[in-house]
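Read-outs: derived from the displayed coordinates by stated rules, not from any lab. Since the model is a prediction, treat every value here as computed from it, not as a measurement. No Cβ is skipped: glycine too gets one built from the backbone with ideal geometry, and neighbour counts run over all protein chains shown.
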Ligand code: HEC
Ligand code: HEC
C-alpha cells in the first residue's frame, strides 16, 4: 500500500478536473440524446463555480442556506488541493495529492492510476454514495463517519488508515472529500438537467438556458436558477446528515440465548442473511451481482456487465472493468466499515448503500415483516460469534 502512495505523480498536479465522461455516456444512453455539448458546457460551468484542482472554490455566492456555506472551509480546500509542500510553520499542503489521488483520482472518480488492480475499487465520491456510515441508507455520511474511515481505513481493502495525520490535516481532507462529492454530484445532475430541463441537444439552447450563463453569473438566467436549486438540494443532504444518524437502543445482553435467537433470525425468512452470506455465514454461495457504481453503466442501461464489446465505450471513457461484488465471509470477522457493536447494529438496519445488501424494517413489536431493536441485537451477537469462532 505504501508503494502505491509513491507511485503518484504528486509534484505536477493536474490543472483541470477531468470531466465525468462515463456519466455523460450514461445520460446519453438513457435519454437517447447526444450529450457532447451538454458535457462541454457543464465542464465550463463547473469550473466557474468550483474552480480547479489547484485553486478550488466553494460557491457560497450561489447557495441559499448558511449551513451549506459553512459545510466546508475554503482554507481547508486550498490546503487539501494543489501541489504537495509544507510551509515554514510546517503546515502541509496538497494533502489529497499526497495521500489519496493515486487511488481516488483527481476529481474523486475512484479511478486513479493505482485503482485498476484493486478489489473493491476505490470509492467514486462523485455519486455521493457511501457505504461505511452511521446514517440511514439514502443519507450522506456525517463528518464523524468520514473521519472514522480516514482514521481506521477499510480493513480488508486497499483503503489505508491515516491515523498518523494531524487533526488539522484530517479535517482538511474530510472537507475536500465533501467538496469533491458535492462538485461531482452537481456535475452529474447538471448533465441530466442540461438535457431534460435546459433543452441541450446537438445545439446549445438560447442564452437564458445556456449553462455558459453560470460563468457570467447572470442571476436571472434560467440555467442559473436550475443550477442553484440543484446545488441547494445536494448541499442540503450533507447538512442533514447529522439528523439522519440511526438511533441505537441499549444493547441487549450478549448471552448464549441471544446468540441462538440471532442464529434463527439470520437463517429466518425476514432477515434472510443466510440467503446471501451462506448457511454458516461462510460467504460460500455462488452469487452474480454488481455494485451500484457498476450497474449504473451496465445493467442500469441494459448493458450486460460481462459483454466486453458493449462495455467498451464506457471503459474507454474511464469506467473500471466491471467486477462482481460478493457477500462477505462473516467467519473471517473482518469488517470494512468497523466491527464495534453499534456499527454492526446500524449496518444491519440500513444495509450497505450502493451494494445489494438491503436494510431491514424496524418495528416496535415482533412482526411478520420487520425486526425489533432487540432482535437486531440478537443478530449482531450471532454475527460476532461467527467472526470469533475461528480465532
Ligand atoms: C491505496 C488506495 C487508496 C488510497 C491511497 C486511499 N483510498 Fe480511500 N478507498 C480506497 C478503497 C479501495 C475504498 C473502498 C473501500 C470499500 O468499498 O469498502 C476507499 C474508500 C474511501 C472512502 C469511502 C468510504 C465509504 O463510506 O464508502 C473515503 C471517504 C475515502 N476512501 C477517502 C480517502 C481519502 C481522503 C484518502 C487520502 C487521505 C484515501 N481515501 C486514500 C482506496 C484508497
Ligand atoms: C442481498 C444479499 C445480502 C443480504 C440479504 C445480506 N447481505 Fe450482508 N453483505 C452483502 C454484500 C454484497 C456485502 C459486501 C458489501 C461490501 O463490502 O461492499 C455484505 C457485507 C456484510 C457485512 C460486512 C460489513 C463490513 O463492515 O465489512 C456484514 C457484517 C453483513 N453483510 C451482515 C449481514 C447480515 C447480518 C444480514 C442479514 C440481516 C445480511 N448481511 C444480509 C450482501 C447481503
Extent along principal axes [Cα atoms of segment 341-391; Å; largest to smallest] | 35, 27, 18
Calculate the translational D of segment 244-296 in whole µm² s⁻¹ from Stokes-Einstein, where the hydrodynamic radius comes from the Kirkwood formula applied to all Cα pairs, the temperature is 37 °C and the viscosity 0.692 mPa s.
-> 239
Ranked by Cβ crowding within 10 angstrom, fewest neighbours first, how are 169, 374 ordered?
-> 374, 169
What angle, in degrees between 0 and 90 and rounded to the nearest 10, separates the Cα long axis of helix 167-196 from the longest principal axis of the Cα atoms of the chain?
-> 70
Would you please state the base-10 log of I(q)/I(0) at q = 0.16, 0.21 1/Å for segment 141-210, with intensities from the Debye formula using one equal scatterer on every alpha carbon?
-> -0.66, -0.86
Note: residue 255 to residue 316 extended length (0.36 nm per residue) minus current alpha-carbon separation gives 16.6 nm
Write down Rg/Rh for segment 247-367, rounded to two decimals, with Rg from the C-alpha atoms and Rh from the Kirkwood relation over Cα pairs.
-> 1.06
Going by how many other Cβ atoms sit within 10 Å of their own, how do 55, 309 line up, fewest first?
-> 309, 55
Could you list 331, 304 in order of exposure, starting from the residue whose Cβ has the fewest other Cβ atoms within 10 Å?
-> 304, 331
Based solely on C-alpha atoms, express the radius of gyration and the Dmax of the chain in angstrom.
-> 22.2, 70
